[in-house]
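The values are calculated or read from the model by the stated rules, or taken from the named source; none is laboratory data. Predicted, not measured: the structure shown is a model, and the values here were computed from it. With ideal geometry, Cβ positions are generated from the backbone for all residues, glycine too; neighbour counts draw on all protein chains shown. Areas reflect the complete protein model, heavy atoms only, side chains present, ligands, DNA and RNA absent. Shrake-Rupley method; radii C 1.70, N 1.55, O 1.52, S 1.80 Å.
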Amino acid sequence: MHRYQLFIDGAFTDAEGGEWIESVDPYHGEAWAEIARATRGDVDRAVTSAVKAMERGPWSKMTASARGKVLRKIGDLVVANADRIARIEARDNGKLLTEVRGQLNGVAECWYYFSGLADKIEGSSIPIEKADTLAFTVREPIGVVAALTAWNSPIWFATIKCAPALAAGCSVVVKPSEFASASTLELAALVKEAGMPDGVFNVVTGFGHDVGAALVEHPGVTKITFTGSDATGAKIYETAARHMKRVSLELGGKSPNIVFEDANLELAAAGVVSGIFGASGQMCTAGSRLLVHKSIKEAFTAKLIDLASHIKLGDPMDPATNVGPIATAPQFKKVLEYLDVARADGARCILGGHAATGQGLTGGQFVEPTIFSDVTNNMRIAQEEVFGPILSIITFDSEDEAIEIGNDIAYGLVAGVWTQNIGRAMRMTKALKVGTVWVNTYRAYSYMMPFGGMKKSGLGREGGIEAINEYLETKSVFMSTSDEGPVNPFIMR
Ligand code: NAD
């Protein structure tokens, strides 16, 4: 069985307590690797080395272009190792190999993108209203960044957080999910090989309630960037508030996929099916609420059932598989519980509705692609994030009603809109209270586009040029160019 050590101060090392946590391959239902269980002492060592790297250099003393070159090298190494790492992550969290492999291309491009941004972080010179004063701003790295991530796309999350943080000149301590840490530690090996100075990039692994909490509380950490559930996000936000730490939170969703009567129904059906059953619904962006115009409900539902009933569940490594297993045992239990919750609330199950068994599914945790009809937006199945392959169908009569139902939710991550009417598409885009709107498409991502949520879906944005702002502080400098003192030194200048 492969053992993954912590990565602290440029070296792979066992945890102080000598304990290990098994990482389970969710397709075979067997432990395949062990990850070190860090202690508070290990967290302290990691943060201390990150503080030292920022305060004493060489990272903080390198030019921005030199920093960018290290990031570029990481991108090159990701390209060279993409096949191997994709297999590791697919094994660790059960995501389709073809999907993870595609994501690894984005991971490499993301390192390249932020490597190019490292030497384009500029302050400004401001022509203020005071004579004999030069006024300018300097953009400085915010400090040590703690990056805590979820299990569904770990190397992607580590990259979309660390690439801009490192480009900004920060040092980082990453805490991946205890359910899928392997690919983040593989990334650590590449970061080392790329020539990153010791202490700039660290990885501590273990459980959230001890290792994650210790990292968030550590006084050496200035900024926390988190991807995970809204419950954990709220805890982190509270802790951060007590110490006035900066936070970015990428949390859950309960996203509406809205299909109008004038949509291209073939495309819309494919978008709705992949938006909820792709990755077994284990996406923060899952389009778990289908809002469909009443006049096309029957015809559209028939299309969905036809598509969804042909989904091939199976081995994530097999290119013929459409949908893999549920990644963790607690998540599997939660999804099955929500099948009962929906039925108890009066939703009508029209497809699936059970754990999936059968040939090729024996060791894994599989759930049938499930569709509930007759859902009203106040039901728990319509309001709570399941993070599984369960679609709820809700109908609407008018554009206004679609907006009202779409926004009648605590979350605000993404929304899909399917229509051929450009005016309607624009009106919907404006009215929906979400961070991303997909028009006639779904699950489209780019590291060049800001991504993040409104309302309970989080704070801040990842991706795009503005992501760098999450890792910078602005310092204002007023410099007198006069040799004379003030006329009255007791009055504000
Ligand atoms: P989670 O909140 O259980 O865990 C996320 C991370 O936080 C893990 O590393 C975990 O160990 C750590 N953690 C747990 N408790 C902690 C604590 N008290 N203090 C500090 N750290 C702690 O989430 P999960 O189950 O890993 O991921 C699923 C959730 O993530 C879903 O809600 C999903 O919507 C969300 N998610 C959001 C996005 C996004 O970009 N908005 C992307 C993917 C997943």
Helices (runs of 4 or more DSSP H) wholly inside the stretch 181-290 containing at least 1 residues that are near the ligand (Cβ under 9 Å from one of its atoms) and either touching a strand residue (DSSP E or B) at 6+ places or on another chain (Cβ under 6 Å) or among the aliphatic types (A, V, I, L, M) (or both): 213-217, 230-243
Scope the stretch 237-262; condition open to solvent by less than 10 Å² (accessible area, probe 1.4 Å) and among the aliphatic types (A, V, I, L, M); matching residues: ALA240, LEU249, ILE258, VAL259
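This table checks each residue for (1) more than 30 Å from ILE468 (Cβ to Cβ); (2) in contact (Cβ under 8 Å) with a residue 60 or more places away in the chain.
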{"residue": "HIS2", "(1), (2)": "yes, yes"}
{"residue": "ILE8", "(1), (2)": "no, yes"}
{"residue": "GLU30", "(1), (2)": "yes, yes"}
{"residue": "ALA38", "(1), (2)": "no, yes"}
{"residue": "ARG45", "(1), (2)": "no, no"}
{"residue": "TRP59", "(1), (2)": "no, yes"}
{"residue": "THR63", "(1), (2)": "no, no"}
{"residue": "ASN81", "(1), (2)": "no, yes"}
{"residue": "ASN93", "(1), (2)": "no, yes"}
Residue check for ALA64: of a type in the set (A, V, I, L, M) and open to solvent by less than 20 Å² (accessible area, probe 1.4 Å): no
Residue check, VAL414 in contact with a Phe, Trp or Tyr (Cβ under 9 Å, 6 or more places away or on another chain), at negative phi, modelled with pLDDT of 95 or more and of a type in the set (A, V, I, L, M, F, W, C): yes
Odd one out for VAL434 among (1) hydrophobic (A, V, I, L, M, F, W, C); (2) open to solvent by less than 80 Å² (accessible area, probe 1.4 Å); (3) in the same structural domain as SER124 (by TED's automatic domain parsing): (3)
Tally of residues being among the basic types (Lys, Arg) and open to solvent by less than 50 Å² (accessible area, probe 1.4 Å) across the stretch 287-344: 2
Test: residue in the stretch 458-467 that is over 30 Å from CYS170 (Cα atoms) and either over 16 Å from the mean Cα position of the chain (by Cα) or part of a loop (DSSP other than H, G, I, E, B) (or both): no
Strands (runs of 3 or more DSSP E) fully within the stretch 1-55 counting 1 or more residues that are touching an Asp or Glu at 6+ places or on another chain (Cβ under 6 Å) and farther than 21 Å from GLY220 by Cα: 2-4, 20-25, 30-36
Residue within the stretch 352-359 that is at pLDDT 95 or above, assigned to a strand (DSSP E or B), under 19 Å from HIS310 (Cβ atoms) and over 26 Å from the mean Cα position of the chain (by Cα) present: no
Qualifying residues in the stretch 117-145 (those that are in contact with a Gly (Cβ under 9 Å, 6 or more places away or on another chain) and assigned to a strand (DSSP E or B)) - the one farthest from GLU250 (Cα to Cα): PHE136
Out of ASN105, ASN152, sole residue that is of a type outside the set (Val, Ile, Thr), away from the ligand (no atom under 16 Å from the Cβ) and within 17 Å of the chain's Cα centre (by Cα): ASN105
